[in-house]
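Presented below is the structure to which this report refers.
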Amino acid sequence: MVTLVRTIRLALKSLLLHKLRSGLTMLGIVFGVFSVIAMLAIGEGASLQVQKQVLELGATNIIVRSVRPPEDPSDTSGSFILSYGLKRADLDLITDTVAAVERAVPIREVSSEARYRHRTLNVRLVGCTADYKNLNRLGVARGRFVADVDQSTTENVAVIAHEVATTLFPGEDPIGRQLRVDSLPLRVIGVTAPRTATAAIGGSLAGQDFNKDIYIPIQTFFGRIGDKNIRWQKGSVSAEEVELSQITLSVPTREVVTPTAEVIRESLNLTHPESDFAVVVPLELLRQAEQIRTIFGIVLGSIAAISLLVGGIGIMNIMLATVTERTREIGIRRALGARRRDIIGQFLGETVVLAGTGGLVGIGCGLLTPAAFYLLQQLATGLLAEGVADSATGRLFTGMQPTVALWSLPLAFGISVGTGVAFGLYPARAAAMMDPIEALRRQ
């Protein structure tokens, strides 16, 4: 222990004789350790965000969505109305024949324009049931959400999202007010709390902005709006007929999710030969996200480790130059009885102190990654155009929070010290192998 302390003190004294050179050499290790921690933190944050979004969909849920089929040029039916997607009969088929399904939530949604006095806003009109609120973890800021009694009475009532309320009703209470969605008058009975928009999850689900939604009873949607949606845009007309946009199903345990999804898929294939639906299993997405997290961490960590490699090469270069400069000192120590292992310990100690100090500084910088990334997000949010910020990539970037993995701190420090030892061993051995007589002759 005494010898170790003496070696460290001697190493510090030697390094402090050339502060600038030691500091510049240390920067390679600092940036290497920092990049390892930062890269892993960003990868961890992105992965956790995706996993959080998948978990919000429900690990015991199965989502069945209508998918617009590609246009068939050989279709000569002459109808300009495209009919596709899930039917109400499909909902009855699933609930009546699949025993594992505990709850089924039908959803019908369409893009619309909401108007109140002279104010307008493009919104998503969603026909749903009372279970939709818990399914998507929506909070109610004022009033109430759609209830079962609203389904039976089919009244023109609506629950508006936070941004709809602030845009159409600035400075006033929207409860009890009447707005129009396209040509449909609706009385506001509730306002939902703000909710973070979700980014797209791979190619399975598109991103959703719940703050621009208007929710109405699904029976009101069927009775007042119907299944046909006709749009005129720039002199052209497009029409489609969809009964249900989505059905979200709940099963009791995770073990039955995958078998139940296969049963539902096979059942719908019999009535939908054109494959105008998709079955999304959040549990499978969660497993994929965990696998991607591991791969992402390995790739980012490997890229960042290149910085440590460059820093190690810099240490070797400086230590070789140091050995050349201190040849006479080495000769004097050998003449006074120092053994080769003492010389190796001396120069290896300097390398380890240099790399270890750089590793500690790099860890300190790495711990500041979340704060630095937050400032970058604020800067980017102010500079990005609104369309870019609202895109799936923009929401992923602005909503991500890097998470420093505690296991990455000792890993990065250990790699930095290991790099110092690996790249300092050759210069130390070169110093120890010098002939004492030849070393003393050097000026």
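Here are a few things to note about the model shown:
- Sequence-ordered 3J(HN,Hα) estimates for the range 273-280 from the Karplus curve with 6.51, -1.76 and 1.60 and θ = phi - 60° stand at x, 7, 6, 9, 8, 9, 9, 10 Hz, glycine and proline given as x.
- Relative contact order (%) - criterion: Cα under 8 Å, at least six apart; region: the range 147-189: 42 percent
- Computed from label points 7 Å out along Cα-Cβ, the spacing between residue 10 and residue 328 is 1.9 nm.
- ³J(HN,Hα) computed for each position of the range 150-155 - Karplus, 6.51 cos²θ - 1.76 cosθ + 1.60, integer Hz, glycine/proline x: 5, 5, 6, 8, 6, 7
- Distance between modelled label sites at residue 372 and residue 187, nm, 7 Å Cα→Cβ extension: 5.8 nm
- Largest accessible area first, the residues 224, 9 order themselves as 9, 224 under a 1.4 Å probe with ligands, DNA and RNA left out.
- Summing +1 for each Lys or Arg and -1 for each Asp or Glu among the other residues whose beta-carbon sits under 14 angstrom from that of residue 153 gives -1.
- Length gained on full extension, residue 113 to residue 437, computed as 0.36 nm times the residue gap minus the Cα-Cα distance: 107.4 nm.
- Placed amide H near residue 82: partners under 5 Å, 5+ positions off or other chain: 239, 240, 241
- Taking a straight Cα-Cα cut-off under 20 Å and skipping sequence neighbours fewer than 8 places away in the same chain, the lysines within cross-link reach of residue 228 are 87.
- In range of the label at residue 336: residues from the range 409-443 whose backbone nitrogen is under 13 Å from the point 7 Å along Cα→Cβ: none
- Length gained on full extension, residue 239 to residue 320, computed as 0.36 nm times the residue gap minus the Cα-Cα distance: 21.5 nm.
- Gain on full extension, evaluated as 0.36 nm per residue between residue 149 and residue 253 minus their Cα-Cα distance, stands at 34.4 nm.
- Amide hydrogen proximity for residue 193: with H placed 1.01 Å from N in the peptide plane, the residues at 5 or more positions away or on another chain lying under 5 Å are 139, 140, 141.
- Charge tally around residue 247: other residues with Cβ under 9 Å, Lys/Arg +1 each, Asp/Glu -1 each, net 0.
The values are calculated or read from the model by the stated rules, or taken from the named source; none is laboratory data. What you see is a predicted model; the values in this text were computed from it and never measured. Neighbour counts run over all protein chains shown; Cβ positions are idealised from the backbone, glycine included. Surface areas here come from the heavy atoms of the whole protein model, side chains and all, with no ligands, DNA or RNA. Shrake-Rupley method; radii C 1.70, N 1.55, O 1.52, S 1.80 Å.
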